Amino acid sequence: MARNPIDASVRVSTRLGELIESRCNDPDIDQPITLGQLRRFVADLLPPSVKAAERMHRFDVAESDLDELDALIEEYGDDAVAVDFLQVSASEPLSRVIEAVVNDDNREYLPTLVSVREAMTGGLLTRLVGEGALEEDEDDGLLAELDGLIERFGADALAENFLRLE
């Protein structure tokens, strides 16, 4: 059975996102965590009476974690990597860099991650430090952070999708 590619617009609930993140950050867990493994973990957390009711198809909570996982598994398969469903945003300093590129009036198109990288290596970081939008030590790891986003989501991903909104 062919698997559907994971759509970047798929978002999981805050509760499920926190669970995925906690499992993925657990050093005692073999990586990567799949949706199937996560579902088994969540099912094991349920009280025995709920597990029995679930097996008998009488347990019906429309927005439960299991229902959400089941829907994801149905669409993407139980071997889909759970971390791919986390909503990802840039750090606050990288968000300021992305905003500077997005708000550039001379830009004729929506900036992608690679166009933000080009702006960063073309002097944008120095300018933002000079303007006080970034502290001198904040720009140190921004290229590595951006390269991680590019590796995970592709060079052509729209940069504004990674803005941290607070």
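The values are calculated or read from the model by the stated rules, or taken from the named source; none is laboratory data. Every value quoted in this text rests on a predicted model; they were computed, and no experiment measured them. Cβ coordinates were reconstructed from backbone atoms using ideal geometry, including for glycine residues, and neighbour counts include every protein chain displayed.
For region 13-40, the candidate set comprises residues that are within 9 Å of Ala82 (Cβ to Cβ) and of a type in the set (Val, Ile, Thr); within that set, the residue that is modelled with the highest pLDDT is Thr34.
Whether any residue in region 124-139 is over 16 Å from the mean Cα position of the chain (by Cα), of a type outside the set (D, E, K, R) and closer than 15 Å to Ala90 by Cα is what I want to check. Checked against the condition, which is being over 16 Å from the mean Cα position of the chain (by Cα), of a type outside the set (D, E, K, R) and closer than 15 Å to Ala90 by Cα, region 124-139 yields at least one hit. Here Ala82 meets the list (1) in contact (Cβ under 8 Å) with a residue 24 or more places away in the chain; (2) farther than 30 Å from Ile29 by Cα almost entirely, failing just condition (2). For Ser115, the stated conditions do not hold, so it cannot be described as in contact with a Leu (Cβ under 7 Å, 6 or more places away or on another chain) and of a type in the set (Ser, Thr, Tyr).
Out of (1) modelled with pLDDT under 85; (2) within 20 Å of Glu18 (Cβ to Cβ), the odd one out for Leu69 is which? Every condition holds for Leu69 apart from (1). Please tell me if Ala43 is modelled with pLDDT of 50 or more and over 28 Å from Leu158 (Cβ atoms). Yes.
Collect the residues in region 109-133 that are closer than 16 Å to Asp156 by Cβ, surrounded by fewer than 15 Cβ atoms within 10 Å (Cβ to Cβ) and of a type in the set (D, E, K, R), keeping them in residue-number order. Spell out how you get there, then give the answer.
Of the residues in region 109-133, the ones closer than 16 Å to Asp156 by Cβ are 109-119.
Subsequent filtering for residues that are surrounded by fewer than 15 Cβ atoms within 10 Å (Cβ to Cβ) retains 109-110, 118.
Scanning region 109-133 gives a single hit, Glu118.
Restricting region 74-105 to residues that are surrounded by fewer than 18 Cβ atoms within 10 Å (Cβ to Cβ), at pLDDT 90 or above and in contact with a helix residue (DSSP H, G or I) (Cβ under 6 Å, 6 or more places away or on another chain), the residue that is farthest from Leu158 (Cα to Cα) is Asp78.
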